[in-house]
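K.L.:
Below is one structure. I have some questions about it.
The values are calculated or read from the model by the stated rules, or taken from the named source; none is laboratory data. The structure presented is a predicted model; accordingly, all values stated were derived computationally and were not measured. Here Cβ is always computed from backbone atoms with ideal geometry, including for glycine, and neighbour counts include all displayed protein chains.
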Amino acid sequence: MELTANALQTVEANQNVLFTDTVVCGNCSILHRDGSGLVTLRGITNQCRARFKVTFGANIAIPTGGTVEAISIALATDGESVASTTMIVTPAAVEEFSNVFSAIYLDIPASCCSQISVKNISTQAIEIQNANLIVERVA
């Protein structure tokens, strides 16, 4: 499944990036509703687990009126950010965009579900543009 959010959006601290367009539909093990920041992964398998690869890329900046400091976002599972996916940039000024990217493999136990999202883990609001989330079932 490929999800995008090309329009500029402001994401408050501890909130999720909202994905507005489904470019490539998923299957019954990857579910998303347009306009939501959550993607549900389902462990539909005869094995002990289903494995997914999740990749994310976007442009991020500090909005006008924000404080110039390091800003960061991360992939999150069930609302908890995954530290190894933290993407940090320190713009020199507001409205100065930087590109970020991260990827992770996730194992979902058979017959279980998990929700993934992209979470603003900064202490202030950030701007996101051209967000792209790809979720692939790989095993």
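This table checks each residue for (1) of a type in the set (S, T, N, Q); (2) farther than 17 Å from Thr55 by Cα.
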| residue | (1), (2) |
| --- | --- |
| Ile88 | no, no |
| Ala92 | no, yes |
| Asn99 | yes, no |
| Cys113 | no, yes |
| Glu127 | no, yes |
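K.L.:
If I ask for residues that are of a type outside the set (A, V, I, L, M), at negative phi and part of a loop (DSSP other than H, G, I, E, B), which ones from the stretch 102-139 would you list? Give the derivation first.
P.N.:
Going through the stretch 102-139, the residues of a type outside the set (A, V, I, L, M) turn out to be 102, 105, 107, 109, 111-115, 117, 119-120, 122-124, 127, 129-130, 132, 136-137.
Then keep just the ones that are at negative phi; that gives 102, 105, 107, 109, 112-115, 117, 119-120, 122-124, 127, 129, 132, 136-137.
Hits for the stretch 102-139 are Cys112, Ser122, Thr123, Gln124.
K.L.:
Tell me, which residue of the stretch 64-81 that is among the hydrophobic types (A, V, I, L, M, F, W, C) and crowded, with 19+ Cβ neighbours inside 10 Å is nearest to Ala110 (Cα to Cα)? Give the steps one after another, and end with the answer.
P.N.:
Step one: of the stretch 64-81, the residues among the hydrophobic types (A, V, I, L, M, F, W, C) are 68, 70-71, 73-76.
Pick out the ones that are also crowded, with 19+ Cβ neighbours inside 10 Å and you get 71, 73-76.
Working: Ile71: 36, Ile73: 29, Ala74: 25, Leu75: 22, Ala76: 20 Å.
Ranking the qualifying residues of the stretch 64-81, first place goes to Ala76.
K.L.:
Still on this model: Out of everything in the stretch 15-31 that is within 21 Å of Val82 (Cα to Cα) and either without any contact (Cβ under 8 Å) to a residue 60 or more places away in the chain or loosely packed, with under 13 Cβ neighbours inside 10 Å (or both), what residue ends up being farthest from the chain's Cα centre (by Cα)?
P.N.:
Leu31
K.L.:
I need a count of the residues in the stretch 48-88 that are in a strand (DSSP E or B) and among the small types (Gly, Ala, Ser). Lay out the reasoning, then the answer.
P.N.:
Taking the stretch 48-88 first, the residues in a strand (DSSP E or B) are 49-61, 71-77, 80-81, 87-88.
Filter once more, keeping what is among the small types (Gly, Ala, Ser): 50, 57-58, 61, 72, 74, 76, 81.
Result for the stretch 48-88: 8.
K.L.:
Could you say which residue among Ser98, Ser84 is more than 15 Å from Asn130 (Cβ to Cβ) and either without any contact (Cβ under 8 Å) to a residue 60 or more places away in the chain or loosely packed, with under 11 Cβ neighbours inside 10 Å (or both)? Steps first, answer last, please.
P.N.:
Numbers: Ser98 fails: more than 15 Å from Asn130 (Cβ to Cβ).
Result: Ser84 is the single residue among Ser98, Ser84 that is more than 15 Å from Asn130 (Cβ to Cβ) and either without any contact (Cβ under 8 Å) to a residue 60 or more places away in the chain or loosely packed, with under 11 Cβ neighbours inside 10 Å (or both).
K.L.:
I've got another one for you. Does at least one position in the stretch 56-63 carry a residue that is surrounded by 20 or more Cβ atoms within 10 Å (Cβ to Cβ), in contact with a Lys or Arg (Cβ under 6 Å, 6 or more places away or on another chain), touching a residue at least 12 places away in the same chain (Cβ under 8 Å) and among the hydrophobic types (A, V, I, L, M, F, W, C)?
P.N.:
Filtering the stretch 56-63 down to residues surrounded by 20 or more Cβ atoms within 10 Å (Cβ to Cβ) leaves 56, 58, 60-62.
Filter once more, keeping what is in contact with a Lys or Arg (Cβ under 6 Å, 6 or more places away or on another chain): none.
Checking the stretch 56-63: not a single residue is surrounded by 20 or more Cβ atoms within 10 Å (Cβ to Cβ), in contact with a Lys or Arg (Cβ under 6 Å, 6 or more places away or on another chain), touching a residue at least 12 places away in the same chain (Cβ under 8 Å) and among the hydrophobic types (A, V, I, L, M, F, W, C).
K.L.:
Okay, next question. If you take the residues in the stretch 89-101 that are out of contact with any Pro (no Cβ under 8 Å at 6 or more places or on another chain) and outside any strand (DSSP E or B), which one is nearest to Ala70 (Cα to Cα)? First the steps, then the outcome.
P.N.:
Within the stretch 89-101, the subset out of contact with any Pro (no Cβ under 8 Å at 6 or more places or on another chain) is 89-93, 96, 99-101.
Filter once more, so that each one left must be outside any strand (DSSP E or B): 90-93, 96.
Details: Thr90: 4, Pro91: 7, Ala92: 9, Ala93: 11, Glu96: 12 Å.
Among those that are out of contact with any Pro (no Cβ under 8 Å at 6 or more places or on another chain) and outside any strand (DSSP E or B), it is Thr90.
K.L.:
While we're looking at this one, here's another question. Which numbered condition trips up Gln124, out of (1) closer than 22 Å to Arg33 by Cβ; (2) touching an Asp or Glu at 6+ places or on another chain (Cβ under 9 Å)?
P.N.:
Unmet condition: (1).
K.L.:
Follow-up question, since we're still on this one. Please state which one of Ala83, Ala61, Ala74 is under 14 Å from the mean Cα position of the chain (by Cα), closer than 18 Å to Ala5 by Cα and at pLDDT 95 or above. I'd like the intermediate steps shown before the answer.
P.N.:
On the way: Ala83 fails: closer than 18 Å to Ala5 by Cα; Ala61 fails: under 14 Å from the mean Cα position of the chain (by Cα).
After ruling out the rest, the residue left standing is Ala74.
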